[in-house]
1. Rounded to whole Å and ordered largest first, report the semi-axes of the equivalent ellipsoid of segment 1-108 derived from its Cα gyration tensor (root of 5λ).
2. Starting at the first residue of segment 45-54, write each ³J(HN,Hα) from the Karplus equation 6.51 cos²θ - 1.76 cosθ + 1.60 with θ = phi - 60°, in whole Hz, x for Gly and Pro.
3. Under a Cβ-Cβ cut-off of 15 Å, what is the net charge of the residues other than Ser61 that fall near it, where Lys and Arg count +1 and Asp and Glu count -1?
4. Under 5 Å between amide H atoms, partner at least 5 residues away or on a different chain: which partners does Thr161 have, H built in plane at 1.01 Å?
5. Residues with amide H under 5 Å of Val48's amide H, sequence separation 5 or more or different chain, H placed in the peptide plane at 1.01 Å from N; which?
6. Work through the residues other than Phe5 whose Cβ is under 13 Å from its Cβ and net out their charges, Lys, Arg +1 and Asp, Glu -1.
7. Per-residue counts of other Cβ atoms within 10 Å, averaged by peptide: what ranking do you get for 57-66, 74-83, highest first?
8. Taking the Cβ of Ala165 as the centre, find all other residues whose Cβ is under 15 Å away and add up their charges (Lys, Arg: +1; Asp, Glu: -1).
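No lab work stands behind these numbers, since they all come straight from the coordinates. All values derive from a computational prediction rather than experimental measurement. Cβ placement follows ideal geometry from the backbone for every residue including glycine, while neighbour counts extend to all protein chains displayed.
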Amino acid sequence: MNEGFIAVWLLSIGLILFCTGWQRHVAGRISGRSVLIYLCVAAILHPVFIPVGPDIMLRGSAGWALLTAIIAVVSVRNTMQTVFVILCTMLAGTVWLWIRTMYAMDPVFILMNPKWDGPLMAGLLAGLLTDRFRYHYGIVTLAAAIAEFSSAAGRHTTVVTLGSAAWWDGVAIALITARMVWNLKTGFRRGPRRAAEGYWQRRQRGGSS
């Protein structure tokens, strides 16, 4: 499968759901205007290359993604919540990097795909540990950067491009996984409460008749 195809495919699905009444499930309280501005700026900056090291290049779209991710994390007024999200980011990035390193050393324990398992685990952690879209986005984007930068430190023969099509595939997979896990988590959490409310409403109607 060509690199970048998964990111475009998941983005298309997300936009369709966003525009057909599933806005809260897809992107929380993020407005359509904010989504449009984000995508337009990312598309405009994507052809720009920024050297950040001897073997590392940063695409403009990745720089924009990292900037907005940092803003999403640090703009929270609750300091303890910000620290918690930063710790979650470090955990997700470490797990992502560990899986990539494990496959590079001994590609045996593959769950789905060597390029997907890291993002899947990072998205799973983000969805389980936090409850807002801004946190999910910030965690998976910064975790993808941590995994890429850390893995690049051990390579001296190839130039690593942060913001490549493969990198965006990982970010998209991780973000979608985080939102799916969050939706499942909130569904399970609200299910028993709604059932209990329905039960007591029926009891009250029965008692008043």
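1. On the way: eigenvalues 130, 89, 67 Å².
For segment 1-108, the ellipsoid semi-axes come out as 25, 21, 18 Å.
2. 7, 4, x, 7, 10, 10, x, 10, x, x
3. Once positives and negatives cancel, what remains is -2.
4. Amide H to amide H, under 5 Å and 5 or more residues apart or across chains, Thr161 pairs with Met57.
5. The list, which skips near neighbours in sequence, is Gly60, Ser61.
6. -1
7. Averaged packing, sorted descending, gives the order 57-66, 74-83.
8. -1
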